[in-house]
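Down below is the structure, laid out as structure tokens.
The values are calculated or read from the model by the stated rules, or taken from the named source; none is laboratory data. Because the structure is predicted, anything quoted here is derived from the model rather than measured. Ideal geometry is used to build each Cβ from the backbone, glycine not excepted, and the neighbour counts take in all protein chains shown. To get the accessible areas, we keep the full protein, side chains included, count just its heavy atoms, and leave off ligands, DNA and RNA. Shrake-Rupley method; radii C 1.70, N 1.55, O 1.52, S 1.80 Å.
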Amino acid sequence: MSRRFTHPAYALLAGQVVTAGVAFAINFLSSSVMPPDQRGTLAFFIQLSYIATTLGLLGVERPYVAERTGVSFPTAVRELGRLTRSVWVGAALLVVAAFVTGWVSGWFLALLLAMSATYVVSNAAVRRVRIAYVVSRDRRTFVTNTIAVQCGLLGLGVVLYLLDVSSPAAWLGAYALSSAAAMVTSARARRRSREEHVSTSQLARVRREGLRLIPASLGNTALLRSDRLMMPFLSSAAELGIYVTVATVMEVGAWPIQQWVDASLGRLRSRAAGSNRGLVIKLFLGVVSLTVVIGVLAYFAISLLLPEEYHRSLELIPILGAGTVVYAMTRLQHGWLIAEGRPGLVSVAETVGLVASAVLYVGLIPPFGAMGAAIGSGIGHCILFGTTWALRRRANRA
């Protein structure tokens, strides 16, 4: 293979293409058999699982890439397992919440919480495998794992669609079960691992920077997901179902930049990561083009494949598309800051963006529903971009 294509970003991008295709399919398969209120319930518990996973990882993903690029895949899996043991704490808390909920109010909600706990553990394994690939460049293991996870999810989704299953718990279980393939990959890697020499100071630095990045990691996840967590309470589960039908698809436009930045942190840290106007222009034009294509595909898919009750989501496509472009460029900003050793500034920016978005959601979702969430999300991304730009400019001057 040409050296031109050995950078891990290429395999990550290929994996994201597969993931995006499966996400498209699952989104429309589930919406075809589930009314908006049930689709909204599924979205809420998926987002809850993502938040719990992010908290359990303690912000170590990007610092680990910046610090440990070059270690073997088994060693990376072993080290990441040590650094992210708190994932099990989050899953255990969800299990306890499931038992309490089942005892107090009903076992349907308890089942959803239990499925969420399972998905937290398996989704954390997916993210550990991804980071282990970035530092080790073990392309074969990563590609095999990605195919197993995504094919498993697609297969389970098709089965649920053919059986006309509309239970959110069953669909959430499909997410959890398919992601369990990453747990198998991790277990096999640990058996192959050897006790290579590990610098205690390096892992300690990863832990310190990860803890400093927890607000950024949580802010990033919550900035994308808090609208989906808040909407059932501020409006209705049906409005959330309409909203996520488009939002889940449009956010794919930001994935390529995220993959490139995550895969390049080690290289960026090893040299000065100054502002590169040519790179910014190329990435901007790329994300705009991709977002337009995704928006057009989403428009025709919703119009032709989904019941009429979902057609209100079509008017959200332009707003969510613009927000995706702005959000993608913030990923590049934050990659530079982390490479420059300024994770604290990333946390500050993400926190400002999260708080601003939450305020906007509270004000806009009750009167406007899904449209209010789309507008609030777009403005929140703009605030995040502006805050990050101002903080980085101030730091460079200082």
Notebook entry, point to check: From the Cα gyration tensor of the range 284-332, with a ≥ b ≥ c the square roots of its eigenvalues, which class applies: rounded if a/c is under 1.5, or else prolate if a/b is larger than b/c, or else oblate?
Noted result: prolate
Checklist line | For the range 304-338 versus the range 72-112, the gap between their alpha-carbon centres in whole angstrom | finding: 29
Notebook entry, point to check: FRET efficiency for residue 300 and residue 202, Cβ-Cβ distance as r, R0 = 45 Å, nearest 0.05?
Noted result: 0.35
Item checked: Dipole moment magnitude, nearest 20 debye, the chain about Cα centre, only Lys, Arg, Asp, Glu C-beta charged -> 2160
Note to self: I'd like the carbon and sulfur percentage of the solvent accessible area for the chain, probe radius 1.4 Å, heavy atoms only, ligands and nucleic acids excluded.
What the structure shows: 66
Next item on the list: Might you work out the accessible area of residue 280 for me, using a 1.4 Å probe with all protein chains in place, and round it to the nearest 10 Å²?
Entry: 50
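Could you work out the percent of alpha carbon pairs in the chain separated by over 35 Å, rounded to a whole number?
The proportion of pairs with Cα distances above 35 Å equals 23 percent.
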Notebook entry, point to check: Can you give the FRET efficiency for residue 285 and residue 96, using 1/(1 + (r/R0)^6), R0 = 45 Å, r = Cβ-Cβ distance, to the nearest 0.05?
Noted result: 0.40
Notebook entry, point to check: Size of the range 124-180 along its principal axes in angstrom, Cα-based, largest extent first?
Noted result: 42, 18, 11
Check: Given a cut-off of under 8 Å on Cα pairs at least six residues apart, what relative contact order in percent is computed for the chain?
Finding: 24
